[in-house]
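The values are calculated or read from the model by the stated rules, or taken from the named source; none is laboratory data. Since the structure is predicted, the reported quantities are computational estimates derived from the model, not experimental observations. All Cβ positions, glycine included, derive from the backbone under ideal geometry; neighbour counts span all protein chains shown.
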Amino acid sequence: MNENIGQLETRNDLQVGRPVLRHEDERLLAGTARFVADIRLPDMREVAFVRSPVAFGKLSPVEIPADAGPDSVWTAERLAHRVLPICATLNRPGFHVTEQPILARGKVRHVGELIAAVVASSRAEAEDLAETIVPGIESLPAVSDPEAALDEGAPRLHDAWEDNVYLSSGRTIGPFDEAVARAEVAVTRDFRMARVLPLPMETRGCVAGFDRGSGILTLYLSTQRPHLIRTMLAEQLVGIEESRIRVIAPEIGGAFGGKSNLYPEEVALAAMAMELPFPIRWIEDRYEHFLSASQSRQHVQRLTAYAMRTGELLAIDARFLVDGGAYSMRTSTAVVEAGMAAAVLPGPYRLGAYRFETVTVATNKMGVGPYRGVGRPAAVFAMERMMHETAVAIGMEPHAFRARNMIDASEHPYVSVSGLRYDSGDYKTLLSDAVEAMDVASVRAAQRLVTAGDRRLIGVGFGCYTEQTAHGAEEWHRRGSPFEYGFESARIRIDPSGSVLVTTGIKSQGQGLETTLAQIAADALGLPHEHVHIRHGDTELCPYGLGTIASRSLVMAGGAVEGAATRLAGKIRAIAAANLGCGPEDIRLQDGTATGPFGNLSFAKIARIAYLELNALPPDIEPGLEVSYNYRPPVESGTYSSGVHGARVAVDVDTGEVELLDYVVAEDCGRIVNPMIVDGQIIGGAAQGIGQALYEELRYDETGQPRTVTLADYLIPGAVEVPRIALRHRETLSPFTVFGAKGLGEGGAIAPPAAIANAVSDALRRYGVDVRSIPIRPRDLWTALRDKSFAEMEP
Amino acid sequence: MTHQEITLTVNGCRLSAEVERRLSLADLLREEFGLTGTHLGCEHGVCGACTVLVDGVPSRSCLMLACASEGRHVVTIEGMRGPVADALREAFRESHALQCGFCTPGMLATAIDLIARKRASSEDEIRRELAGNLCRCTGYQGLVDAILSVGKRTDL
Ligand code: FES
Ligand code: FES
């Protein structure tokens, strides 16, 4: 439903904007796509890791079994000359760096930490051998709760630190004290959000081989950032230059942020491969994934909202305590979550004053990294719960309270209270789209008739967000990131036969970028998208790029592809014009043909001229038909997508069970390149968010033992749990990007915890119960409802 | 005896192998026969990515021992052919039923079975029947739509 698509400049020959079927599907549906676990090299052996069974302890040097073969057991001592520990840095004052050994030495700091690696001819044999190695560990009291980590006298994870704090920061912006003094209403809430993880269906994995003859190390790796991993490997490994490292990210079975950081397993395999005469492979099993793939989003929050009875929101006071785990991952660091949450909290609202404090602590748990939305699901949950509860306290309809405080479309570009520069967006329209789709009036009518005897109560709730996407160097610099994701690359070559090969530095993990980028290139070149072949994920084949994270690829790689294609189109025109006796401006490119007033030439013919028939090529035109282009956005603060999610739920008062009845996403990601893929990204993201809202939770006991280590303990939603999701699209173009596109990969996952928690709170209003923690467990609701009674009048 | 000689039919070909008794069917298919279209998402029987058809019945190849496939007919994604499989592939593509494609082999196997058992006539029914196959990318909507569109066809 693209209601305002008519406003856009639409040409009916454009391929951007069409639901083009995906180029990548055929190989996936045939079963011939090759994922990392499908890579087999001659004489390849298998690796299994010995991991720490305890959360915190003193580790004695590993004893190698007497009957183990010479190349079969690898310890920290044995790798010491080859690798450096991982030290993720952040250019921010007060940030504490962790030193993470590739294989543990001296101490272990979380269950699953690598202690040794073993090599055998099959995975089963490697696992057998790994089991015979029992590490000598003297257990230490562990910290598994973020609040306990702050206690005086809490065990300290890192000896060089004075406490367990990675970074604490805070700011007061605007006339906060005056706002507090003026406010007629103040609402305070404590919230908790459980740890979750991205959990792609494909686990991590790595195949590493070293060619002694050429000195080239090749890694097949399930990663989102092949070039950056290569750059980091060159820093982590001793004795190899970056130019001799090749990283190939084959087909990736989902990532969602979980395959962006550099992992110690990857460094270990690379280092071992350099010492071994055969290639090696490690494929993570699901149990290992729960122990050692990056985790996310664990928050303890305290929020206070200050408002006037008229519905004016004056100020927000926020405190975020984030559990950062044992080690900072490279390059997200442990503080990725807190910093983002504080910055994005104000969302689509006009807010005069804002005070925040963030603290990220170290605990004896796996480290944290980005997961689709980074910081935003938690910030939006906090903010939108407060919008809901403040509206209730004032006695206003929550969506009306939101609309009252939302930034108007005409105010853009708008600088938020936290300093983010929103480029464009129409938040109020999105909200009214969602309100209409949820039919709030009918929910209210039904709620008025509810009596104490009704055991199944319905409620409606919303979650609104703005989403910074495709931010450039300026923004990453501001955050203190050692890598600034400032550009993306594309190289386009038209071969003598006329077919088009595009290589780019990003890495698709299921987003369909081979299709959307082909659409963009096809429009700029003037040929059908089917003839554009996109390759990515190989550092030797593709130009240097930063990879696929932070909803950047469509805008950034799209910009690069468009830039390269436009330049190549210029060259095609020049060659055609010289051969057709007209000016380049007279040439029209369409369907792979350059047409001038006096004749036409196919791209294949032009390419032949450029490569093989130079007689027909004017000497002032460089031979070949290949262009490289690096796109750096003209405005580096990012482009902002936005959305409003609406949920309608029924809550069983006797069991605390929540049923999700209806779900709508009203969203705006600027120009839509492929509506089918956009819908898929939003629905898929929303399903993950629904999982977080209702089911997903990584549990640890007080000794730091993970309690959720299989897919039977950690519940991700299945087809029954995810309702049909209704979509409403708006297209407010970005003034800053190529053809007005905005990123959208993460949006779907941001708002479900907020919308669903608000709907449940709405349903239980007569009982005075509201949601304080995510996931919304039946047990928690049941406990909260137990000693509450039904209010005959609406409160 | 830790090894056993077995013979089975895979995608229409009779194959023999000397296998370790503890070897799973999935590892036999992937590592011995090179049929890597069958994917392993959990290796503990929950995700359904490894689902193949054994004598026409969807089976978790991560839980089934290779030895237990002696004399059976196994069909993996590489061998899913015929009008129903073709129709499903087309529908998967048109309904955007896959993103990363990792769950797809198991989804196809399950979907072929649903069509064969005539259990694809309504959205609710398909959702219930898909309960044993997890997908982290699509939110299932495209999958449900794809299977429903094939389930409604009367010409298959
Ligand atoms: S791999 Fe067999 S069910 Fe997950
Ligand atoms: S398409 Fe990625 S898991 Fe289903």
When you go through (1) crowded, with 21+ Cβ neighbours inside 10 Å; (2) within 14 Å of ligand 1 (Cβ to nearest atom); (3) within 8 Å of another protein chain (Cβ to nearest Cβ) one by one for B:Gly106, which number turns out not to apply? (3)
State all residues of segment B:7-25 that are away from chain A (no Cβ under 11 Å) and within 16 Å of ligand 1 (Cβ to nearest atom); if no residue qualifies, say none. B:Leu25
Would you call B:Gly56 under 16 Å from the mean Cα position of the chain (by Cα) and either within 15 Å of ligand 1 (Cβ to nearest atom) or of a type in the set (Asp, Glu) (or both)? no
Please find, among B:His44, B:His39, B:His73, the residue that is more than 15 Å from ligand 1 (Cβ to nearest atom) and at pLDDT 95 or above. B:His73
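For every residue, the table says whether it meets (1) modelled with pLDDT of 95 or more; (2) closer than 21 Å to A:Val36 by Cβ; (3) outside any helix (DSSP H, G or I).
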| residue | (1), (2), (3) |
| --- | --- |
| B:Asp27 | yes, yes, no |
| B:Phe92 | yes, no, no |
| B:Ala97 | yes, no, yes |
| B:Gly101 | yes, yes, yes |
Check segment A:772-780 and report whether any residue there is over 30 Å from A:Gln298 (Cβ atoms) and aliphatic (A, V, I, L, M). no
Going by the structure shown, is A:Gln224 touching a helix residue (DSSP H, G or I) at 6+ places or on another chain (Cβ under 8 Å) and closer than 29 Å to A:Arg552 by Cα? no
I'm checking my understanding of the structure. Among residues of segment B:4-20 that are surrounded by 12 or more Cβ atoms within 10 Å (Cβ to Cβ) and touching an Asp or Glu at 6+ places or on another chain (Cβ under 8 Å), which one is farthest from B:Val74 (Cα to Cα)? B:Gln4
Looking for whichever is away from every other protein chain (no Cβ under 14 Å), over 20 Å from A:Ala378 (Cβ atoms) and surrounded by fewer than 24 Cβ atoms within 10 Å (Cβ to Cβ) here; the options are A:Thr310, A:Thr304. Which one fits? A:Thr310
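Out of A:Ala37, A:Ala76, A:Ala33, A:Ala48, I need the residue that is surrounded by 15 or more Cβ atoms within 10 Å (Cβ to Cβ) and either over 29 Å from the mean Cα position of the chain (by Cα) or farther than 30 Å from B:Leu35 by Cα (or both). Which one?
Numbers: A:Ala37 fails: either over 29 Å from the mean Cα position of the chain (by Cα) or farther than 30 Å from B:Leu35 by Cα (or both); A:Ala33 fails: either over 29 Å from the mean Cα position of the chain (by Cα) or farther than 30 Å from B:Leu35 by Cα (or both); A:Ala48 fails: either over 29 Å from the mean Cα position of the chain (by Cα) or farther than 30 Å from B:Leu35 by Cα (or both).
The conditions single out A:Ala76.
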The one condition B:Leu63 fails out of (1) at negative phi; (2) at the interface with chain A (Cβ under 7 Å from one of its Cβ atoms); (3) within 16 Å of ligand 1 (Cβ to nearest atom); (4) assigned to a loop (DSSP other than H, G, I, E, B) is (2)
For segment B:116-137, what are the residues that are more than 16 Å from ligand 2 (Cβ to nearest atom) and of a type in the set (A, V, I, L, M)? B:Ala116, B:Ala120
Assuming B:Glu94 fulfils every condition listed in (1) surrounded by fewer than 23 Cβ atoms within 10 Å (Cβ to Cβ); (2) within 13 Å of ligand 1 (Cβ to nearest atom); (3) facing another protein chain (nearest Cβ under 9 Å) apart from one, which condition is it? (2)
Collect the residues in segment A:690-725 that are over 20 Å from B:Ala49 (Cα atoms) and facing chain B (nearest Cβ under 10 Å), keeping them in residue-number order. A:Ile690, A:Pro723, A:Arg724, A:Ile725
Could you tell me which numbered condition B:Leu88 fails, if it satisfies all but one of (1) farther than 21 Å from A:Gly718 by Cβ; (2) more than 16 Å from ligand 1 (Cβ to nearest atom); (3) buried (at least 24 other Cβ atoms within 10 Å of the Cβ)? (1)
Residues (in contact with a helix residue (DSSP H, G or I) (Cβ under 8 Å, 6 or more places away or on another chain), outside any helix (DSSP H, G or I) and either closer than 21 Å to B:Gly101 by Cα or among the β-branched types (Val, Ile, Thr) (or both)) located in segment B:118-156: B:Asn133, B:Cys135, B:Arg136, B:Cys137, B:Thr138, B:Gly139, B:Tyr140
Please enumerate the residues belonging to segment B:130-154 that are in contact (Cβ under 8 Å) with a residue 12 or more places away in the chain and either more than 24 Å from A:Asp679 (Cα to Cα) or within 16 Å of ligand 1 (Cβ to nearest atom) (or both). B:Leu130, B:Gly132, B:Asn133, B:Leu134, B:Cys135, B:Arg136, B:Cys137, B:Arg153
With the structure loaded, tell me whether B:Gly101 is more than 9 Å from ligand 2 (Cβ to nearest atom), in contact with a helix residue (DSSP H, G or I) (Cβ under 7 Å, 6 or more places away or on another chain), small (Gly, Ala, Ser) and facing chain A (nearest Cβ under 9 Å) or whether it fails that test. no
Could you list all residues from segment A:726-749 that are in contact with a His (Cβ under 9 Å, 6 or more places away or on another chain) and within 16 Å of ligand 2 (Cβ to nearest atom)? A:Gly748
So for segment B:114-129 (the condition being within 11 Å of another protein chain (Cβ to nearest Cβ) and within 14 Å of ligand 1 (Cβ to nearest atom)), does at least one residue qualify? no
Note on B:Leu35: of the conditions (1) within 12 Å of chain A (Cβ to nearest Cβ); (2) assigned to a strand (DSSP E or B), unmet is (2)
Any idea which residue in segment A:32-88 is farthest from A:Leu276 (Cα to Cα), counting only those that are basic (Lys, Arg) and within 14 Å of chain B (Cβ to nearest Cβ)? A:Arg34
Go through segment B:33-72 and count every residue that is away from ligand 2 (no atom under 16 Å from the Cβ) and either more than 20 Å from B:Arg22 (Cα to Cα) or among the acidic types (Asp, Glu) (or both). 6
Output the helices (runs of 4 or more DSSP H) that fall wholly within segment A:400-479 and possess 2 or more residues being under 24 Å from A:Ala338 (Cβ atoms) and under 29 Å from the mean Cα position of the chain (by Cα), or say none. A:473-479
If I filter segment B:66-81 down to residues being within 16 Å of the chain's Cα centre (by Cα) and away from chain A (no Cβ under 14 Å), which single residue comes out as surrounded by the most Cβ atoms within 10 Å (Cβ to Cβ)? B:Ser69
